[in-house]
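J.: Questions regarding the structure given below will be posed in turn.
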Amino acid sequence: MPTIPPSPRRRRRRAALVPLLLALVVGVGGWLWWPADAGDHAAWRADLADLERHTAVAYANLEWFVRSGTVDPQALHDSTVAALDRARTPREARRALVAFAAAFHDGHFHVRRPTPALVVEAERLWQRRDTPPPRDWPAERACTALGYRADARGFGLPLERLDGFVALPDAGDGFPAGVLPLPDGRRAGVLRIDLFSTYAHRSACARAWERLRDTLSAPCGERCAEAVDSMAAVVLLDRLAARAGALAAAGADLLVVDLTGNGGGEDVVDPMARTLTATRLRANPVALLRHPHVTAQLEEARAALTEDLARGDLPAEQRALLAGGVGRLDTLLAETRRPCDWSGIWRAGAASAACAMLVHGGTYATGLLDYAAPGALAGLASRWVLFGPGRFTYREGAWTGPLVVLVDRRTASASELFTALLRDNGAARVVGERTWGAGCGYTNGGIRHRLAHTGLDVQLPDCVRLRADGSNEVAGIRPDVEAGWQPGDDDLARAAKARAALANLASLGLSGSPGRTAPAARPGR
């Protein structure tokens with residue numbers, strides 16, 4: 001999720017329509033891409049130095065990993081040098097550099113091979129066939145061409161196989177739901193969210209397509225695809241609210257949002273969280289990286305506020321809000337333009353870090369405001385800067401009872417934002433196991449770099465979301481109640497243990513709406 005929410009001018013995602021032959025090329029190319037001959041150890045060490053320099057100035061989570069003691073930079077440097085010295089082939093050298101990134105256990109820090117030129121060209125030629133859909137295409141075909149996938153049909157865990165589970169009729173909306181009796185006599189309404197993305201809901205796109213197709217005078221290109229996405233989000237949020245209402249009507253005493261295996265998604269995650277609680281959710285703060293990549297986004301945000309300020313019809317309250325935002329952005333811009341380089345830590349340790357990589361204060365996961373009521377910023381083109389969820393049409397409080405979020409170790413990224421936002425505002429309890437710890441991720445694609453000798457691509461997360469206790473979301477979110485899952489458990493056993501853990505909430509006095517409490521920080525992995 002972005003630090004300053006992205007401009008509505010978003011690129012249209014396209015379906016990955018690559019023929020079977022291309023898949024074969026990728027598979028074989030993975031083995032034949034680089035020859036396994038002897039390499040140049042000096043060149044490999046040069047790539048390590050380049051990777052360390054890039055990480056030291058462009059990795060938003062580096063400060064947290066080092067300060068918390070999760071990663072020892074000197075030990076990591078020494079072990080990587082030793083692995084490179086032992087390497088006898090380019091493949092082994094690349095493996096050592098990939099292991100450098102893996103040491104951070106950050107799901108958004110990638111060091112990997114770039115896509116081969118042959119594959120890029122084949123995909124480009126194939127996608128020429130993926131023409132913008134004309135208005136006479138049926139919705140299913142058009143939405144497939146626009147990159148939408150079929151809606152989810154099941155839960156992350158087979159909760160529907162547990163005794164007494166009663167599924168709600170399939171609404172075809174991608175939100176499987178049902179009522180599960182708990183051992184303590186309560187009835188849990190279970191709602192599955194598979195991914196926080198409109199592109200995971202082809203049926204929402206289909207509804208949007210039917211509403212918008214009559215306005216088309218040409219095939220659905222970039223701007224049309226953005227309009228379809230915006231309308232699909234409206235449909236999606238309406239459906240989510242309706243599903244929560246249906247569970248209440250079915251007699252659910254509490255709502256359990258199943259996020260097991262949910263790997264993240266997009267900006268629609270925030271209004272989805274607000275739809276499922278009457279609590280006014282105040283976004284957690286973010287920290288900004290001192291880097292030109294972040295500075296450029298702040299400059300874009302400032303320009304958007306300034307453009308709105310130039311209007312002559314603004315109410316005084318909105319004008320003051322915009323002027324204050326410009327002033328705050330000017331302060332942030334001055335800070336992010338001050339470079340900070342931690343390159344010395346790889347040899348001299350954390351004590352050599354003489355500057356702060358991150359700028360704290362002044363912005364939130366939602367933008368410059370931590371809260372705005374739905375519709376409060378209507379009419380402002382720059383509302384995406386002030387409060388990102390303001391770009392969506394949603395209503396708060398479709399569910400008003402106790403709320404629980406069910407998570408596991410594969411719950412990551414935007415799903416962690418959803419969980420932390422609800423938990424840190426005292427709007428929900430968390431059951432399961434510690435989440436992945438992917439954290440914030442990328443804004444505008446993240447910060448990328450290519451290593452000259454091994455050809456590896458480096459992609460680094462450039463934003464940091466903080467918790468109520470000041471810890472980094474990349475630490476993962478610990479549940480209030482552990483499900484007690486073990487490595488040997490099959491899916492049905494995990495589902496049964498999840499039900500037992502839900503019942504355990506009551507025995508711990510956690511069945512009602514909790515107060516706002518800070519989660520425990522995790523010092524290491």
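J.: Show the residue pairs that are 6+ apart or on different chains and have beta-carbon atoms under 9 Å apart, the first residue being within the range 83-99 and part of a loop (DSSP other than H, G, I, E, B), the second being among the small types (Gly, Ala, Ser) and exposed (fewer than 15 other Cβ atoms within 10 Å of the Cβ).
T.: Between residues of the range 83-99 that are part of a loop (DSSP other than H, G, I, E, B) and residues that are among the small types (Gly, Ala, Ser) and exposed (fewer than 15 other Cβ atoms within 10 Å of the Cβ), the close pairs are Arg88/Ala36; Arg88/Ala38; Thr89/Ala36; Thr89/Ala38.
J.: Here's another thing I want to ask about it. Name every residue in the range 349-372 that is modelled with pLDDT of 95 or more and either out of contact with any strand residue (DSSP E or B) (no Cβ under 7 Å at 6 or more places or on another chain) or of a type in the set (A, V, I, L, M) (or both), in order of residue number.
T.: Residues satisfying the conditions are Cys355, Ala356, Met357, Leu358, Val359, Ala365, Thr366, Gly367, Leu368, Leu369, Tyr371, Ala372.
J.: Going residue by residue through the range 45-59, is there one that turns out to be open to solvent by less than 10 Å² (accessible area, probe 1.4 Å), within 16 Å of Ala348 (Cβ to Cβ), among the hydroxyl-bearing types (Ser, Thr, Tyr) and modelled with pLDDT of 95 or more? Talk me through it step by step, then tell me what you get.
T.: Our first condition is that a residue be open to solvent by less than 10 Å² (accessible area, probe 1.4 Å); within the range 45-59, this holds for 47-48, 51, 55-56, 58-59.
Remaining after also requiring within 16 Å of Ala348 (Cβ to Cβ): 55-56.
Among the residues that remain, those that are also among the hydroxyl-bearing types (Ser, Thr, Tyr) are: 55.
Next, from what is left, pick out any that are modelled with pLDDT of 95 or more: 55.
Within the range 45-59 (the criterion being open to solvent by less than 10 Å² (accessible area, probe 1.4 Å), within 16 Å of Ala348 (Cβ to Cβ), among the hydroxyl-bearing types (Ser, Thr, Tyr) and modelled with pLDDT of 95 or more), the answer is yes, since at least one residue qualifies.
J.: Could you figure out which of (1) of a type outside the set (Asp, Glu); (2) more than 30 Å from Ala101 (Cα to Cα); (3) part of a helix (DSSP H, G or I) isn't true of Ala351?
T.: Every listed condition holds for Ala351 apart from (2).
J.: Next up: Please name all residue pairs, on different chains or six or more residues apart, with Cβ atoms under 8 Å, provided the first residue is in the range 310-330 and is farther than 16 Å from Ala372 by Cβ and the second residue is part of a loop (DSSP other than H, G, I, E, B).
T.: From the range 310-330, the pairs are Leu329/Leu368.
J.: Same structure again: Consider Leu288 against the criteria (1) assigned to a helix (DSSP H, G or I); (2) under 23 Å from Leu466 (Cβ atoms): it satisfies all of them except one. Which criterion is unmet?
T.: Unmet for Leu288, out of (1) assigned to a helix (DSSP H, G or I); (2) under 23 Å from Leu466 (Cβ atoms): (1).
J.: Considering only the range 317-337, I want to know if a residue exists there that is under 28 Å from the mean Cα position of the chain (by Cα), surrounded by fewer than 18 Cβ atoms within 10 Å (Cβ to Cβ) and not in a helix (DSSP H, G or I).
T.: Looking for residues that are under 28 Å from the mean Cα position of the chain (by Cα), surrounded by fewer than 18 Cβ atoms within 10 Å (Cβ to Cβ) and not in a helix (DSSP H, G or I), one finds at least one in the range 317-337, hence yes.
J.: Looking at the range 184-233 only, could you name the residues that are over 30 Å from Ala500 (Cα atoms), basic (Lys, Arg) and over 27 Å from the mean Cα position of the chain (by Cα)?
T.: Arg211, Arg213 - these are the residues of the range 184-233 that are over 30 Å from Ala500 (Cα atoms), basic (Lys, Arg) and over 27 Å from the mean Cα position of the chain (by Cα).
J.: So, in the range 456-487, how many residues would count as being at positive phi and either at pLDDT 95 or above or touching a Gly at 6+ places or on another chain (Cβ under 8 Å) (or both)?
T.: 2
J.: Taking the condition crowded, with 23+ Cβ neighbours inside 10 Å, within 16 Å of the chain's Cα centre (by Cα) and at pLDDT below 95, does Gly441 pass?
T.: On the way: crowded, with 23+ Cβ neighbours inside 10 Å: yes; within 16 Å of the chain's Cα centre (by Cα): yes; at pLDDT below 95: yes.
Yes; evaluated as a whole, the condition is true for this residue.
J.: Another question about this same structure. Which of the following residues is closer than 19 Å to Ala278 by Cβ and open to solvent by 10 Å² or more (accessible area, probe 1.4 Å): Arg434, Arg395?
T.: Working: Arg434 fails: closer than 19 Å to Ala278 by Cβ.
Criteria check complete, one pass: Arg395.
J.: Now a separate question. When residues of the range 471-481 are filtered for being closer than 24 Å to His293 by Cα and in a loop (DSSP other than H, G, I, E, B), how many remain?
T.: 1
J.: Just checking, which of Arg129, Arg86, Arg161, Arg153 is farther than 22 Å from Gly263 by Cα, open to solvent by 60 Å² or more (accessible area, probe 1.4 Å), of a type outside the set (Phe, Trp, Tyr) and modelled with pLDDT under 95? Write out each step before concluding.
T.: On the way: Arg86 fails: modelled with pLDDT under 95; Arg161 fails: modelled with pLDDT under 95; Arg153 fails: farther than 22 Å from Gly263 by Cα.
Unique residue meeting the criteria: Arg129.
J.: Filter the strands (runs of 3 or more DSSP E) completely within the range 374-462 down to those with at least 3 residues that are touching a Leu at 6+ places or on another chain (Cβ under 7 Å) and farther than 18 Å from Pro285 by Cβ.
T.: Values: elements: 403-407, 429-432, 447-450, 457-460.
Filter on the range 374-462 gives 403-407, 429-432.
J.: For the range 219-248: of the residues being touching a residue at least 24 places away in the same chain (Cβ under 8 Å) and of a type in the set (Asp, Glu), which is surrounded by the most Cβ atoms within 10 Å (Cβ to Cβ)?
T.: Checking each candidate, the answer is Asp229.
J.: Could you list, ordered by first residue, the pairs with Cβ atoms under 6 Å in which the first is in the range 249-271 and over 18 Å from Ala428 (Cβ atoms) and the second is open to solvent by 30 Å² or more (accessible area, probe 1.4 Å) and in a strand (DSSP E or B), at least 6 apart or interchain?
T.: Short answer, once both residue conditions are applied: Gly251/Arg187.
J.: If only one of Thr295, Thr277 is among the polar types (S, T, N, Q), open to solvent by less than 20 Å² (accessible area, probe 1.4 Å) and more than 30 Å from Glu335 (Cβ to Cβ), which one is it?
T.: Testing whether each residue is among the polar types (S, T, N, Q), open to solvent by less than 20 Å² (accessible area, probe 1.4 Å) and more than 30 Å from Glu335 (Cβ to Cβ) leaves just Thr277.
J.: Looking at Val111, Val81, Val119 in this structure, which one is open to solvent by less than 30 Å² (accessible area, probe 1.4 Å) and at pLDDT below 95? Outline the logic, then answer.
T.: Working: Val111 fails: at pLDDT below 95; Val81 fails: at pLDDT below 95.
The conditions single out Val119.
J.: Please verify whether Trp342 is surrounded by 19 or more Cβ atoms within 10 Å (Cβ to Cβ), in a loop (DSSP other than H, G, I, E, B) and either in contact with a Gly (Cβ under 6 Å, 6 or more places away or on another chain) or modelled with pLDDT of 95 or more (or both), treating the condition exactly as stated.
T.: yes
J.: Pull up the range 350-392, narrow it to residues that are among the aromatic types (Phe, Trp, Tyr) and under 21 Å from Val326 (Cα atoms), then point me to the one that is surrounded by the fewest Cβ atoms within 10 Å (Cβ to Cβ). Please lay out each step first, then the result.
T.: Here is the first cut: in the range 350-392, the residues among the aromatic types (Phe, Trp, Tyr) are 364, 371, 384, 387, 392.
If we keep only those that are under 21 Å from Val326 (Cα atoms) too, we end up with 364, 371, 384, 387.
Values: Tyr364: 20, Tyr371: 15, Trp384: 24, Phe387: 23.
Here the residue is Tyr371.
J.: Can you list the strands (runs of 3 or more DSSP E) lying wholly within the range 146-264 that have 2 or more residues being of a type outside the set (S, T, N, Q) and farther than 19 Å from Ala398 by Cα? Walk me through it before giving the result.
T.: Details: elements: 177-181, 187-192, 254-258.
Per the criteria, 177-181.
J.: For Arg347, are the conditions met, namely being basic (Lys, Arg), open to solvent by 50 Å² or more (accessible area, probe 1.4 Å) and within 27 Å of the chain's Cα centre (by Cα)? First the steps, then the outcome.
T.: Details: basic (Lys, Arg): yes; open to solvent by 50 Å² or more (accessible area, probe 1.4 Å): yes; within 27 Å of the chain's Cα centre (by Cα): no.
So Arg347 fails the test.
The values are calculated or read from the model by the stated rules, or taken from the named source; none is laboratory data. Here the structure is a predicted model, which means the values were calculated and not measured. With ideal geometry, Cβ positions are generated from the backbone for all residues, glycine too; neighbour counts draw on all protein chains shown. Note: areas computed on protein heavy atoms with side chains; ligands, DNA, RNA excluded. Shrake-Rupley method; radii C 1.70, N 1.55, O 1.52, S 1.80 Å.
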